[in-house]
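Encoded as structure tokens, the structure appears first; notes follow it.
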Amino acid sequence: MGGVKVDGFDLVTLPNGLRLIGQRADARSIAVGLTFNVGARDEAADEGGAAHLLEHLAFKGDDDRGADDVNRAFDELGARVNAFTSHDRTMYYGAALPDECARLTALLLSLARPSLRPADVEVERRVVLEEIGMAEDRPEGRAWERGAQLFFGEHPLGRPVLGTRSSVAALTPERMRAFHGRWYGSERALLVVSGAYDWDAFVAQAQAATEDWTPGGSTRAQPVWAPRRGSQEMRAGGFERAHLTWFAPAPSSQDPARIAAALLARVVGDGDNGRLFWALVEPGLVDDAALWFDPADGVGSFQAAATTDDAQHDLVVETVVDVLTRFEREGPTAPEWARAQRALATEVTLAAESPMGRLADLADAWLDREEAETAEATVARILATPLAAGLTLLEAAPFSSGLRFSLRPSSGP
Amino acid sequence: MAPSASGPQFTVLPNGLRIAAAGMPGLTTLSAHLRWPLGTAGDPSDAQGAAVVIHEWLQRGAGDRNAHDQADAFDRYGARRGGGVGREYASLGVACLARDAAHVLPLVADVVTAARLDDDEFEGARQLALQELAAAADDPGERLLEAAVAARYAGRYGRSAYGVRGHLARLSAARVRAIARARVVPAGAVLALAGGLDAATMLALAATAFGGWRGAAPDRGAPTLRPRRRVHRSGSGGQTQIALIDDAVRPGEEGWTEQAVAMTALSGATAARLWTVVREARGLAYEVGSGIHIVAGDAYRLTHAATAPERASELIDVLHGELERCRDGLGADELRRAQRLLRAAVVFEAETSGGRAARLASDVVRFGRPRAVEEVEDAVAALTLVKVNGFLASRPPLAATVVTTGPRPEGAWAA
């Protein structure tokens, strides 16, 4: 099976629905990723944290080997291996020297069929509860999580990826098996490779290793949703500073306006030269302020965060409202737009330096849009996006349709 | 000129600035990393945090450009900036397209050679330093590191990397400007460049841009070590943060590469001992790790983890046991895995211009010269089980300072 070649990419879909994509690069390392198009947003009401716990359990081994065997096998390859779970995706990935491509691929594929032994579920549940404990000790993360919950409301993007202490406690091996059965079907998986690979060997290996994989038949819900507006605050103990977050509607990952949205976010939120930097960081009102564009599957958002002394909380809020209102009214200047284009272009080029740097974008672009694009093509597209595209997005007044949430210290003024 | 794949080049300018450069064929990007001895350890004892203010102030205008013009000048080339300041060094990093390097490097040089240090930019820089100090106090990991460093060193190297609130509040523009003039100097500084240009071309560009930098660095002497002890700093939060600190081999000393391999077996991989014992077998912590830190020629090992207070004593005992067990040596399989991992890590790091530039800079600081990727690979490959285990057996019995922050551990380590 040779597959299709599209502008420097190799693509094929196996009979069981598993998709494979490769981007060839002259590099000393090779990177392989196995992505499942499932994340926290796909959990049922009584499955909070299941996608993330399953990611942990994948490393506990299949019927042929235990956790120690899996870990040792990755280390034998000299592979740097990791995984992440987001609202949209679960990705297992690794980099190794090119002659280990086949063994790395075999191991990553084996992660997708874990045994889910009850003892492993118990140990890993404790690890996840410590992970939740760690997150609870970080007020900026708590503020962001609560802000997202308020902004997305009933939409599953508002759920915490880790779940809650009680939802994780309720995840039995049986529930994990059911979740796995529904969402780890072959049709929701994408195997990505970047570097100097042998495509025919890669495809043949994937086909042999996934012969018994079958489609799971689940589809992601895209509920009708309207962004929540307004502002809310909460006071709590255990920290000293005020943590502010903002959320506003934006184009989705599929929307052609996403590049214009990324450039708008850059004009306002660039850490060195954005409007929020000059209004908040330069005068020393906050230690850091950022605004970014998060293009999720079907629903996008602008998000912002800042941290300040509680006594300056109201001043920071007023300043941000002022900056965003003016930005919405006047739009970016031509020099601001050009600067944002060049900054984004450099970042895309830097990320493409190594096979590992290319992997996650490659997976997202294919799963969300069936799009395979080189860094050079993305840069050209960024530089060709006119200021008018940004102004069009601002006509909908996204920043006036957003939500602010502040987590403030109970010891404050 | 197109880059060639030969090893890194190195030169020392007459002003003392050390410059290392490595061409990376196939890249269209270039990263530069400048590190110079400006840190809170060198601040006057009544002006702790001045280095943080200086680092910020430096970036707010140079020559005939004010702060806005300066930011715009970098952005004209899409150059991405980074950097920071700690106890020992300040750094500035920049990444751009290789073809723009001749325009971007002079902008970096202007930050350290032609900073305006305008009065009207001072207050913002000082306020930002105060904000960063306050933000660090809300970060459990940062609180642990600050406590660990203070437990290892007496005197200037045990200071906070963020300064002292009262000192920051009293600083004047004139005082900080005078400190900056004496401390933003090329002596002791390193500039590393890596990316899609020939190494000789990069060296020439850097020499032109930084040749006019002037000044000598004061000698701050060696750090003063504190005796081994047990420290607890109470704080809020649900998790007890734990650090074990003990002596390590210094760069250039015999055993450096053996130590690197042993640390990989201890903490550098998925089957590493700490991960396996603490997380995989017991589920005691989400994060656990151990690394070597170098401060002004001193080296220490910092092993850290966090867990609920009721399990903290058990976790400290487990960490102690694993560190002590290092002296018994590695198995042949462990050594082979660690060697492969280290070799691959060296290759991965050398694939990005930012990773390569940062490594060149730290090589110059640690070893006095940049090392070729192949040199490091060869040193790792040359290790044998006899060498590594001989080194580990020769290490002194574990004598670790134990630092905890956050809620006090329950049980044996409560005191």
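Structure data summary
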| quantity | calculated |
| --- | --- |
| Taking chain B and dividing mean pair separation by its residue count, relative contact order in percent (alpha carbons under 8 Å, at least six apart) | 23 |
| Global form of region A:125-254, assessed from the alpha-carbon gyration tensor, a/c cut-off 1.5 | prolate |
| Chain A: relative contact order in percent, alpha carbon pairs under 8 Å with at least 6 residues between | 21 |
| Distance from region A:12-45 to region A:117-195 (C-alpha centre basis), Å | 20 |
| Charge sum, other residues only, whose C-beta stays under 13 Å from B:Ala114's C-beta, Lys/Arg counted +1 and Asp/Glu -1 | +1 |
| For region A:328-413: rounded, prolate or oblate by the Cα gyration tensor [a/c cutoff 1.5] | oblate |
| Electrostatic dipole magnitude of chain A [Cβ: Lys, Arg +1; Asp, Glu -1; Cα centre; debye, to 20] | 640 |
| Distant-in-sequence amide H partners of A:Arg235 (H built 1.01 Å from N, under 5 Å) | A:Arg408 |
| Listed residues B:Ile316, B:Gly297, B:Val373: farthest to the positive end of the dipole of region B:235-386 (Cβ charges) | B:Val373 |
| Cα centre as origin, Lys/Arg/Asp/Glu Cβ charges: the protein assembly as shown dipole, Debye | 1840 |
| Residue-by-residue Karplus 3J(HN,Hα) for region B:363-369, coefficients 6.51, -1.76, 1.60, Hz, glycine and proline x | 4, 5, 5, 7, 10, x, 6 |
| Inter-part distance where region A:311-348 and region B:99-131 are each reduced to a Cα centre, Å | 21 |
| Rounded to 5, percent antiparallel among DSSP beta bridges of the protein assembly as shown | 80 |
| Reduction of at least 10 Å² in accessible surface, 1.4 Å probe, comparing all protein chains with the chain by itself, residues of region B:333-356 | B:Arg336, B:Arg337, B:Arg340, B:Leu341, B:Arg343, B:Ala344, B:Ala345, B:Val347, B:Phe348, B:Glu351, B:Thr352, B:Ser353 |
| Heavy-atom accessible surface that A and B bury in contact, both chains counted, 1.4 Å, Å² to 100 | 5300 |
| Cβ-based charge dipole, region B:1-79, positive-most Cα from B:His55, B:Gly7, B:His33 | B:Gly7 |
| Two-decimal ratio, the protein assembly as shown, of alpha-carbon radius of gyration to 2.2 N^0.38 Å | 0.93 |
| Cβ-based charge dipole, chain A, positive-most Cα from A:Val224, A:Leu291, A:Ala352 | A:Val224 |
| Charge dipole (debye, nearest 20) of region B:168-295; +1 at Cβ of Lys and Arg, -1 at Cβ of Asp and Glu | 980 |
| Charge sum, other residues only, whose C-beta stays under 10 Å from A:Leu97's C-beta, Lys/Arg counted +1 and Asp/Glu -1 | +1 |
| Residues whose placed amide H lies under 5 Å from that of B:Val288, excluding near-sequence neighbours | none |
| Euclidean distance between Cα centres, region A:212-226 to region B:13-60, Å | 50 |
| Residue-normalised accessible area of the protein assembly as shown, given per residue in Å² at a 1.4 Å probe | 37 |
| Counted charge near B:Glu287, where neighbours are those whose Cβ lies closer than 9 Å (Asp, Glu -1; Lys, Arg +1) | -1 |
| Accessible-area composition of region A:271-401, carbon plus sulfur, in percent [1.4 Å probe] | 55 |
| Compactness of chain A - radius of gyration and Dmax, Cα, Å | 22.3, 68 |
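The values are calculated or read from the model by the stated rules, or taken from the named source; none is laboratory data. What you are looking at is a predicted structure, and each value in this text was computed from that prediction instead of being measured. Every residue, glycine among them, receives a Cβ derived from its backbone with ideal geometry; neighbour counts consider all protein chains shown. These accessible areas exclude ligands, DNA and RNA; they are computed on the full protein's heavy atoms, side chains included. Shrake-Rupley method; radii C 1.70, N 1.55, O 1.52, S 1.80 Å.
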